[in-house]
Amino acid sequence: MIRIEENYFIQALHTFRMPVYARWFVEYDTVEDLVSLLQSDLLRTHSFLPMGGGSNLLFVHEYYDSVLLHSAIRSVELLNETDSEVLVKVGAGVVWDDFVADCVAKGWGGAENLSYIPGEVGASAVQNIGAYGVEVKDIIVEVETIEVATGTPRIFQNAECEYGYRSSIFKHELKGKYIVTAVTYRLQKQPHLHLDYGNLRSSLPEGNITIADVRRAVIAIRRAKLPEPDEYGSAGSFFMNPVIPVEQYEKLKASYPDMPHYVVDQGHVKVPAGWLIDRCGWKGKEEGGAAVYEKQCLVLINKKNARPSDVVRLAEKIKQSVHDTYGITINPEVNYIE
Ligand SMILES: Cc1cc2nc3c(=O)[nH]c(=O)nc-3n(C[C@H](O)[C@H](O)[C@H](O)COP(=O)(O)OP(=O)(O)OC[C@H]3O[C@@H](n4cnc5c(N)ncnc54)[C@H](O)[C@@H]3O)c2cc1C
């Protein structure tokens, strides 16, 4: 079924929860409907954006003068099961955390560290979502897509997706060229737990730990650190952690000995953007209705009736001040939608 809405108020359809209208909002629930939409006048004569749960989008204007294209493909298919693992194909429109909850309930390990990340399955494979030492690329087998230009299906094996930190070929070289319709994940029946990241292990009970324990702990930590959507709108981490050359880090360390860092490779380190923003004095600062979240400076929130321009201005000022202070450029993780 295809649903087409015109001049549609999308405040509830993106997690920043700002008052934005889209010229069109279009939803489909089968691959065939997607293909016929791609051949329609509407999509052939207007630009469009495939969207999921809108949890990594910043609409920069109050009117989005194009088409938002949302998948409601919500099938879940067990493709293969052995004594040790399962392969599950999941429709792009399934809510990511519903899938994780289902895996955990069935005792299938691999996704539990990624519990409670907002958004949908299609975007998980585009964004390479990650948390607590796990990235979704670790469990993706293949990604089913439709090519926008031709309407033909193409399956990308994991290695073809060119996964990196919060990135994939769908965000770069092939941006806008393919729409994800389903993702196949591999999950383990004898899960290998990943507990050595941040304060995860210390938040777990002593003794025999299950994937259900891990999910509970991850959700509790996330709830304590990140704004709940009904508290404040946000898009999670607004900026990516910058990767800088080791020489630059060594020079900065002389002036800022407590600057945290993680080794990326021989020549590069990653510096937490939240630390840089905090040290520039941005914690809790407001710009119109937008603000820097008190509990985590990496998160910009819709504190009180924020407008898109408030968030854009706040982000620009933060970026400038981090650059002026440290000579480091921080770039948004959030997708700016013009
Ligand atoms: C409170 C909060 C916490 C968060 N925590 C994390 C975290 O811990 N780790 C993490 O990695 N992310 C996190 N995020 C970011 C966000 O949840 C992820 O980026 C998520 O994958 C976005 O999914 P979505 O369905 O909302 O995608 P959207 O925001 O709607 O879209 C994101 C991008 O994917 C593209 N896209 C969406 N669907 C498709 C499709 N079917 N085919 C092709 N392209 C598509 C869009 O065009 C856009 O470029 C957080 C966000 C919030 C609000």
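Among the residues of the stretch 305-325, how many are touching a Cys at 6+ places or on another chain (Cβ under 8 Å) and either open to solvent by less than 40 Å² (accessible area, probe 1.4 Å) or without any contact (Cβ under 8 Å) to a residue 40 or more places away in the chain (or both)?
Matching residues across the stretch 305-325 total 3.
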Quiz item: Only one of these conditions is not met by Gly109: (1) within 22 Å of Phe48 (Cβ to Cβ); (2) over 15 Å from the mean Cα position of the chain (by Cα); (3) not charged (D, E, K, R). Which number is it?
Solution: (1)
Exercise. Output the strands (runs of 3 or more DSSP E) that fall wholly within the stretch 89-197 and possess 3 or more residues being among the aliphatic types (A, V, I, L, M) and touching a strand residue (DSSP E or B) at 6+ places or on another chain (Cβ under 8 Å), or say none.
Key: 140-147, 178-188
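Every residue, every condition in (1) closer than 26 Å to Val311 by Cα; (2) of a type in the set (S, T, N, Q), yes or no:
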| position | (1), (2) |
| --- | --- |
| His14 | yes, no |
| Ser40 | no, yes |
| Tyr64 | yes, no |
| Asn80 | no, yes |
| Val90 | no, no |
Self-check item: In the stretch 144-168, the residues that are within 11 Å of the ligand (Cβ to nearest atom) and at pLDDT 95 or above
Solution: Glu144, Thr145, Ile146, Val148, Ser168
Quiz item: Is there a residue being of a type in the set (Gly, Ala, Ser) and open to solvent by 20 Å² or more (accessible area, probe 1.4 Å) anywhere in the stretch 214-229?
Solution: yes
Quiz item: Among the residues of the stretch 223-243, is any away from the ligand (no atom under 16 Å from the Cβ) and not in a helix (DSSP H, G or I)?
Solution: yes
Exercise. Using the structure shown, decide if His61 is without any contact (Cβ under 8 Å) to a residue 24 or more places away in the chain and within 19 Å of Glu338 (Cβ to Cβ).
Key: no
Quiz item: Do we find a residue being assigned to a helix (DSSP H, G or I), among the hydroxyl-bearing types (Ser, Thr, Tyr) and either loosely packed, with under 14 Cβ neighbours inside 10 Å or at pLDDT 95 or above (or both) anywhere in the stretch 289-300?
Solution: no
Quiz item: Among all residue pairs at least 6 apart or on different chains, which show Cβ distances below 8 Å where the first residue, located in the stretch 37-50, is at pLDDT 95 or above and the second is loosely packed, with under 13 Cβ neighbours inside 10 Å?
Solution: Leu38/Arg44
Quiz item: Among the residues of the stretch 63-74, is there at least one that is within 21 Å of Ala235 (Cβ to Cβ), of a type in the set (Ser, Thr, Tyr) and in contact with a His (Cβ under 7 Å, 6 or more places away or on another chain)?
Solution: yes
Quiz item: Which one of these does Glu173 not meet: (1) more than 15 Å from the ligand (Cβ to nearest atom); (2) acidic (Asp, Glu); (3) surrounded by fewer than 13 Cβ atoms within 10 Å (Cβ to Cβ)?
Solution: (1)
Exercise. Identify, by number, the condition in (1) aliphatic (A, V, I, L, M); (2) open to solvent by 30 Å² or more (accessible area, probe 1.4 Å); (3) in contact (Cβ under 8 Å) with a residue 40 or more places away in the chain that Ala22 doesn't meet.
Key: (2)
Practice problem: Take the stretch 86-103 and flag every residue that is open to solvent by 20 Å² or more (accessible area, probe 1.4 Å) and more than 10 Å from the ligand (Cβ to nearest atom). | Solution: Leu87, Lys89, Asp98, Ala101, Asp102
Practice problem: Could you grab the pairs with beta carbons closer than 9 Å, sequence gap of 6+ or different chains, first residue in the stretch 92-108 and at positive phi, second one open to solvent by less than 20 Å² (accessible area, probe 1.4 Å) and not aromatic (Phe, Trp, Tyr)? | Solution: Gly107/Ile211
Quiz prompt | Single unsatisfied condition, Ala149 versus (1) touching a residue at least 60 places away in the same chain (Cβ under 8 Å); (2) more than 18 Å from the chain's Cα centre (by Cα) | solution = (1)
Quiz prompt | Test: residue in the stretch 66-75 that is within 26 Å of Asp138 (Cα to Cα), open to solvent by 30 Å² or more (accessible area, probe 1.4 Å) and at pLDDT 95 or above | solution = yes
Quiz item: Within the stretch 105-161, which residues are surrounded by fewer than 19 Cβ atoms within 10 Å (Cβ to Cβ) and hydroxyl-bearing (Ser, Thr, Tyr)?
Solution: Tyr116, Thr150, Thr152
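The values are calculated or read from the model by the stated rules, or taken from the named source; none is laboratory data. Just so it is clear, the model here is predicted, and its values are computed rather than measured. Counting neighbours? That spans all protein chains shown, and the Cβs are built from the backbone with ideal geometry, glycine included. Calculation scope for accessible area: heavy atoms of the full protein, side chains included, ligands and nucleic acids excluded. Shrake-Rupley method; radii C 1.70, N 1.55, O 1.52, S 1.80 Å.
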